[in-house]
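The values are calculated or read from the model by the stated rules, or taken from the named source; none is laboratory data. What you see is a predicted model; the values in this text were computed from it and never measured. Here Cβ is always computed from backbone atoms with ideal geometry, including for glycine, and neighbour counts include all displayed protein chains. Quick note on the areas: whole protein, heavy atoms, side chains included, nothing else; ligands and nucleic acids left out. Shrake-Rupley method; radii C 1.70, N 1.55, O 1.52, S 1.80 Å.
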Amino acid sequence: MSGTGPVASRVLRPPDGYRLAASVRALTFSRYDPAARIAAGTFWWATRTPAGPATLALRPAGGELHAEGYGPGADWVVGRADAVAGLRDDLTGFADLAGAHPLVARLAARHHGLRMPATGQVFPRVLRAVLEQKVTGTEAYRAYAATVRHFGEPAPGPYQPLLLPPTPAVVAAAPYWVFHPFGVEQRRADTLRRAAAVVDRLERCADSAEATRQLTAIPGIGPWTAAEVVRIAYGDPDAVSVGDYHVPNTVAWALAGEPRADDARMLALLEPFRGHRGRVCLLLAAEGVQAPRYGPRMPIRSFARY
C-alpha cells in the first residue's frame, strides 16, 4: 500500500502541554523498533486488529493531533487513536495522591503532559514482555527485533520500514529451535508459545485485573510480565513491575533516600499512591531517576551460541 492515502482519519484535541513522543515512547522498543517508530515528529504504529492489519499514524499539528489509519484495520486503529495516544488516561485523584511526597508532586507537575497509552492489544505486549524476562535490554531488543523480522510482514501505509507483529497462531505453532538463533532459550520460547496458544482467552478479559489473573495462570508468566502487559494493553496506572531488577531500588532511592530495596519495601513506599503506583514509577523513569550503582552490570549473553 505504499504511496496510498489513509483509509480513515480523525482529529484529536489533546490537553494543553500534552507530549506525544513522551506518552507513546512506551510503545516503541528503541528507536529502531520494527513495528513502531517516532519519525520526524510522527508516531507510526503497526498492529493486527480484529478487522485485519493496520498502521496508525499520529501527527501533532497546531495544538491538534491528527490520526490516520491505513490498511483493512484502519477504522479500528483510528477509533482507538485517542487511547493509543494516552488521551483516555484518567488522572482523577492523582494530584491529591501526588501531594503525599514532595518529589512526586514536583514530577507530576513537571511531566503533566505525559499520558499512559492503552492499546487494547494484549499479544504484542506479551511478545515483548516475555522476551524481556531476566535478560538485559540489549538482549531483549535483539530477540524481539529478530522475532518480528522473522515472522512479520510489511505493514500497510506509506512508512515502509514498518513491519506487522507476528500473529499468535504462527508463534504458537513454531518449534523452539526457530527462536534459538534469536538468542531466546527454551524457557522463554515455551512461555511465549503457551501464551500465544491461549491468546483468544486473554483478549476477552474485561479489565486488567482479569487479564493479570489469566496471564499469571500461564506457566512462565509471573507478576512482572503481567504488569508489563496490562500497563500498556489496558493503560493500568496502578500496575507495578514486581520482580524488576532496578525498579525497587529506584523507588526506594527516590522516595526514601535508600539505595537498595526489595519488592516488599518498594510496595510499602508506593502504597500511599495506590491506584496510581505504576504512574509514579513512570514519572521516576521519565525524570531519569536512578539509584546508585554498586555492583557489576548484568552480562550480555548469547544463547544462540549454546
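Scanning region 188-210 for residues that are exposed (fewer than 15 other Cβ atoms within 10 Å of the Cβ) and charged (D, E, K, R) yields Asp200, Arg201, Arg204, Asp207, Glu210. Here Val170 meets the list (1) open to solvent by less than 40 Å² (accessible area, probe 1.4 Å); (2) free of Cβ contacts under 8 Å to residues at least 60 places away in the same chain; (3) under 21 Å from Asp200 (Cα atoms) almost entirely, failing just condition (1). When each of Val135, Val122, Val184, Val126 is tested for being under 23 Å from Gly222 (Cβ atoms) and touching a Cys at 6+ places or on another chain (Cβ under 8 Å), the lone residue that passes is Val122.
Scanning region 215-231 for residues that are open to solvent by 20 Å² or more (accessible area, probe 1.4 Å) and either among the basic types (Lys, Arg) or under 18 Å from the mean Cα position of the chain (by Cα) (or both) returns Thr216, Gly222, Pro223, Trp224, Glu228, Arg231. Tell me, which helices (runs of 4 or more DSSP H) lie completely within region 129-185 with 2 or more residues that are modelled with pLDDT of 95 or more and hydroxyl-bearing (Ser, Thr, Tyr)? So the answer is 137-151. Among the residues of region 6-35, the ones that are free of Cβ contacts under 8 Å to residues at least 60 places away in the same chain and either among the aliphatic types (A, V, I, L, M) or not assigned by the TED database to the domain that holds Val78 (or both) come to 2 in all.
Here is a check on your reading of the model: is Ala98 at pLDDT 95 or above and over 18 Å from the mean Cα position of the chain (by Cα)? Yes; evaluated as a whole, the condition is true for this residue. Candidates in region 217-226 are the residues that are assigned to a helix (DSSP H, G or I) and touching a helix residue (DSSP H, G or I) at 6+ places or on another chain (Cβ under 7 Å); of these, the one that is farthest from Arg194 (Cα to Cα) is Pro223. Using the structure shown, decide if Thr212 is touching a residue at least 40 places away in the same chain (Cβ under 8 Å) and polar (S, T, N, Q). The answer is no for Thr212. The strands (runs of 3 or more DSSP E) located wholly in region 34-79 that include 2 or more residues which are open to solvent by less than 30 Å² (accessible area, probe 1.4 Å) and more than 17 Å from Thr167 (Cα to Cα) occupy 42-49, 52-61, 64-70. Residue check: is Arg37 of a type in the set (Lys, Arg) and touching a Pro at 6+ places or on another chain (Cβ under 9 Å)? Here the answer is yes, as Arg37 does meet what is asked. Filtering region 1-15 to residues that are outside any strand (DSSP E or B) and at pLDDT 95 or above leaves Arg13, Pro14, Pro15. Counting residues in region 99-117 that are buried (at least 19 other Cβ atoms within 10 Å of the Cβ), in contact (Cβ under 8 Å) with a residue 12 or more places away in the chain, in a helix (DSSP H, G or I) and touching a Phe, Trp or Tyr at 6+ places or on another chain (Cβ under 6 Å) gives zero.
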